[in-house]
Amino acid sequence: MSTKKRAPRRPRPTRPAPASGLRLTTPPTGPQAKVLSTPALRFLTELHREFEPRRRDLLERRAAARAAIKGGAMPDFAPDTRTIREGDWTVAAIPRDLQDRRVEITGPVDRKMVINALNSGASVYMADFEDANSPTWANNVDGQINLRDAVRRTITFTNPQGKRYALNPTTAVLFVRPRGWHLLERHCLVDGDPISGSLFDFGLFFFHNAQEQLERGSGPYFYLPKLEHAAEARLWNDVFVFAQDAVGVPRGSIRATVLIENILASFQMHEILWELRDHSAGLNCGRWDYIFSFIKTFADREAFVLPDRDQVTMNRHFLSSYVDLLIQTCHRRRIHAMGGMAAQIPIKGDSTANARAIEKVRQDKLREVRAGHDGTWVAHPGLVPIAKAIFDEHMPQPNQIDRTRAEVRIAPADLLAVPDGTVTAAGLRHNVDVGVRYLEAWLRGSGCVPIYDLMEDAATSEISRTQVWQWMRHRVPLDDGRAVNAALVRATVRDVLGSLKAELGRGYAKTQFPLAATLFEQLMTAPDCPEWLTLVAYDHID
């Protein structure tokens, strides 16, 4: 049972709060007006005014933590929260429809994807407004329309060839991932300031769908990205309490899984669960963002240089330690420990290459279920049966929460162990190539992109550009003897662009590759490592 005392219900206001301070820079058109209704905008206004000051304070706290690490400080388990880590407590009981989460599919919120993901046979579909979504105004608002229709089971889609898509009688449980605390929605201004992307995405979905989901036997379920400290989980918990009271649904209706995708958050797992204990749906190993955060956090420190991306696999000590600690932490608190994403996708037209890709997925999922994970992620419907077969064989029960992993002993040194390996010319070019290709698609409005038979999203692109920045910062020698410097990075960008022009021919003129290459080059060669690719690129989309 949760040890938290229930606070009295917050009285609902007798008069609605004014929304006169909210302005949309792009007026809604057609169906958008249904989700951007006056009551919904009033709710967003309330959220912004209540929580924006705290959000800004937490971002300042992040900056202070980065400065301390740049100055030589090392992450550690906080002594002032030792009683939480060592205490005997659990989170709230798991809802019935979340007991079994063995396979979860993730993807953006376009209409066809929503239908296919819910029909995929997965236990859960995580509808993503974050790393798999290019946050254009149309994508964000139309995504809300799509999810509203999906919750009510009225969603359909007909493609240009006349094929019609609709929901099956049985579908996956819906989770929604809003944007992280650092991102803004510049099309929605409250009192002259852009609203938090987190509050915009969460607020619109919750306002329109929470009551409907509860009436249909489920609930408003979320994934929370990019947290760095338990104080950020506390902010989310307070948002949940405020929202539930304002809309009139019981406290505890919301459940949220936190992605542990930041190296600093790995030292705060118990504390994050504690802050969300009445609303927790566990933790997830967000492996790609975790690697990105490891590079970015220690980018200025030569001792933390990582080898080529394809050498940083989940069997490396710092990553396997992170996995073991997450599973042990979640199971001690009687909640799910979710595995991460295998980036492979089915390969059409090459049976040998497809077999290799599928085998990599099998081995990855086998590693996860043997470690004690209660479920895993896939990015493509074709991988759902493969992941499910592995978990069905090795986890016939709904989850493995009874597997406590009491033998695990993880020290800070385990989480901070830098893997050995090489930095290669091929690795440098691959980072630039993949990064430019992904960013070009993102600028055109697509945030989930198959590149070289892997599903790339913002996280893997972030790995690419921060790795290059770190190698350049420390003039790391390549396997061919050259040292990585700004001139070499720029030359590599020119070489990649030349290859793209040859590959695309006349079609190159219709792309965003020149802008993507310019932005990616700036990110890789800036004097200080930029915090987020998406913040820089956001100014270049509608």
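Would you be able to tell me the number of residues in the stretch 259-271 that are charged (D, E, K, R) and part of a loop (DSSP other than H, G, I, E, B)?
Step one: list which residues in the stretch 259-271 are charged (D, E, K, R), which gives 261, 271.
Next, only the ones that are part of a loop (DSSP other than H, G, I, E, B) stay: 261.
Total meeting the criteria: 1.
Could you give me the residue pairs with C-beta distances under 6 Å whose first residue belongs to the stretch 134-147 and is over 12 Å from Pro178 (Cβ atoms), whose second residue is polar (S, T, N, Q) and buried (at least 24 other Cβ atoms within 10 Å of the Cβ) wherever it lies, and which are 6+ apart or on separate chains?
The qualifying pairs are Asn139/Asn133.
Which numbered condition in (1) in contact with a His (Cβ under 8 Å, 6 or more places away or on another chain); (2) free of Cβ contacts under 8 Å to residues at least 12 places away in the same chain is the only one that Ala417 fails?
(2)
For the stretch 53-75: of the residues being of a type in the set (Gly, Ala, Ser) and assigned to a loop (DSSP other than H, G, I, E, B), which is nearest to the chain's Cα centre (by Cα)?
Of the residues in the stretch 53-75, the ones of a type in the set (Gly, Ala, Ser) are 63-65, 67-68, 71-73.
From what's left, assigned to a loop (DSSP other than H, G, I, E, B): 71-73.
On the way: Gly71: 28, Gly72: 28, Ala73: 27 Å.
Here the residue is Ala73.
Any residue at all in the stretch 129-138 that's modelled with pLDDT of 95 or more, farther than 26 Å from Leu439 by Cβ and not assigned by TED's automatic domain parsing to the domain that holds Trp532? Explain how you work it out, then say what you get.
Going through the stretch 129-138, the residues modelled with pLDDT of 95 or more turn out to be 129-138.
Of the ones still in play, those that are also farther than 26 Å from Leu439 by Cβ are none.
No, every residue in the stretch 129-138 fails to be modelled with pLDDT of 95 or more, farther than 26 Å from Leu439 by Cβ and not assigned by TED's automatic domain parsing to the domain that holds Trp532.
Filter the stretch 243-295 down to residues that are of a type in the set (Phe, Trp, Tyr) and under 17 Å from the mean Cα position of the chain (by Cα) and give me whichever is surrounded by the most Cβ atoms within 10 Å (Cβ to Cβ).
Step one: of the stretch 243-295, the residues of a type in the set (Phe, Trp, Tyr) are 267, 274, 288, 290, 292, 294.
Now restrict to residues that are under 17 Å from the mean Cα position of the chain (by Cα): 288, 290, 292, 294.
Values: Trp288: 23, Tyr290: 23, Phe292: 26, Phe294: 24.
The extreme case among them is Phe292.
Which of the residues spanning the stretch 89-131 are within 19 Å of Gly447 (Cβ to Cβ), among the charged types (D, E, K, R) and not in a loop (DSSP other than H, G, I, E, B)?
Matches in the stretch 89-131: Glu104, Arg111, Lys112, Asp128.
Sort out for me the strands (runs of 3 or more DSSP E) sitting completely within the stretch 272-391 that have 2 or more residues that are among the polar types (S, T, N, Q) and closer than 24 Å to Ala426 by Cβ. Can you show your working first?
On the way: elements: 280-285, 337-341, 375-378.
The strands (runs of 3 or more DSSP E) meeting that bar number zero.
Among the residues of the stretch 121-156, what is the count of those that are surrounded by fewer than 24 Cβ atoms within 10 Å (Cβ to Cβ) and under 17 Å from Gly382 (Cβ atoms)?
Number of matching residues: 2.
Identify the single condition in (1) more than 29 Å from Pro412 (Cβ to Cβ); (2) in a helix (DSSP H, G or I); (3) not β-branched (Val, Ile, Thr) that Asn168 does not satisfy, given that it satisfies every other one.
Against the list (1) more than 29 Å from Pro412 (Cβ to Cβ); (2) in a helix (DSSP H, G or I); (3) not β-branched (Val, Ile, Thr), Asn168 comes up short only on (2).
Any residue at all in the stretch 387-397 that is out of contact with any Ser or Thr (no Cβ under 6 Å at 6 or more places or on another chain), surrounded by 24 or more Cβ atoms within 10 Å (Cβ to Cβ) and of a type outside the set (Gly, Ala, Ser)?
Of the residues in the stretch 387-397, the ones out of contact with any Ser or Thr (no Cβ under 6 Å at 6 or more places or on another chain) are 388-397.
From the residues that got through so far, the ones that are surrounded by 24 or more Cβ atoms within 10 Å (Cβ to Cβ) too are 391.
Checking which are of a type outside the set (Gly, Ala, Ser) leaves us with 391.
Scanning the stretch 387-397, I find at least one residue that is out of contact with any Ser or Thr (no Cβ under 6 Å at 6 or more places or on another chain), surrounded by 24 or more Cβ atoms within 10 Å (Cβ to Cβ) and of a type outside the set (Gly, Ala, Ser), so the answer is yes.
Is there a residue in the stretch 282-289 that is without any contact (Cβ under 8 Å) to a residue 60 or more places away in the chain and touching a strand residue (DSSP E or B) at 6+ places or on another chain (Cβ under 8 Å)?
In the first step, residues of the stretch 282-289 are kept if they are without any contact (Cβ under 8 Å) to a residue 60 or more places away in the chain; the result is 283, 287.
Of the ones still in play, those that are also touching a strand residue (DSSP E or B) at 6+ places or on another chain (Cβ under 8 Å) are 283, 287.
Checked against the condition, which is being without any contact (Cβ under 8 Å) to a residue 60 or more places away in the chain and touching a strand residue (DSSP E or B) at 6+ places or on another chain (Cβ under 8 Å), the stretch 282-289 yields at least one hit.
Quick check: is even one residue across the stretch 43-57 of a type in the set (Lys, Arg), over 24 Å from Gly180 (Cβ atoms) and loosely packed, with under 15 Cβ neighbours inside 10 Å?
Quick first cut of the stretch 43-57, residues of a type in the set (Lys, Arg) only: 49, 54-56.
Next, from what is left, pick out any that are over 24 Å from Gly180 (Cβ atoms): none.
No, there is no match, as no residue in the stretch 43-57 is of a type in the set (Lys, Arg), over 24 Å from Gly180 (Cβ atoms) and loosely packed, with under 15 Cβ neighbours inside 10 Å.
Each row is one residue, and each column tells you yes or no for (1) farther than 27 Å from Arg82 by Cβ; (2) assigned to a helix (DSSP H, G or I); (3) of a type outside the set (Ser, Thr, Tyr).
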site: Leu204; (1), (2), (3): yes, yes, yes
site: Ala210; (1), (2), (3): yes, yes, yes
site: Gly219; (1), (2), (3): yes, no, yes
site: Tyr223; (1), (2), (3): yes, no, no
site: Leu227; (1), (2), (3): no, no, yes
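What single numbered condition from (1) of a type in the set (Ser, Thr, Tyr); (2) assigned to a helix (DSSP H, G or I); (3) more than 26 Å from Leu59 (Cα to Cα) fails to hold for Ser446?
(2)
Residues to consider are Ala256, Ala231, Ala243; find the one that is assigned to a helix (DSSP H, G or I) and either within 26 Å of Tyr125 (Cβ to Cβ) or in the same structural domain as Trp532 (by TED's automatic domain parsing) (or both).
Working: Ala256 fails: assigned to a helix (DSSP H, G or I); Ala231 fails: either within 26 Å of Tyr125 (Cβ to Cβ) or in the same structural domain as Trp532 (by TED's automatic domain parsing) (or both).
None of the other options fit; the residue is Ala243.
Give me the pairs: first residue in the stretch 122-133 and farther than 15 Å from Pro220 by Cα and in contact (Cβ under 8 Å) with a residue 60 or more places away in the chain, second residue part of a loop (DSSP other than H, G, I, E, B) and of a type in the set (A, V, I, L, M, F, W, C), beta-carbon distance under 6 Å, and six or more apart or on different chains, which are they?
Taking only residues 6 or more apart or on different chains, the pairs are Ala122/Ala172; Ala132/Cys448.
Of the numbered conditions (1) crowded, with 21+ Cβ neighbours inside 10 Å; (2) touching a Lys or Arg at 6+ places or on another chain (Cβ under 8 Å); (3) assigned by TED's automatic domain parsing to the domain that holds Leu326, Gln400 fails exactly one; give the number of that condition.
Here Gln400 meets the rest and fails (2).
The values are calculated or read from the model by the stated rules, or taken from the named source; none is laboratory data. Note that this is a predicted model, so its numbers are computed, not measured. No Cβ is skipped: glycine too gets one built from the backbone with ideal geometry, and neighbour counts run over all protein chains shown.
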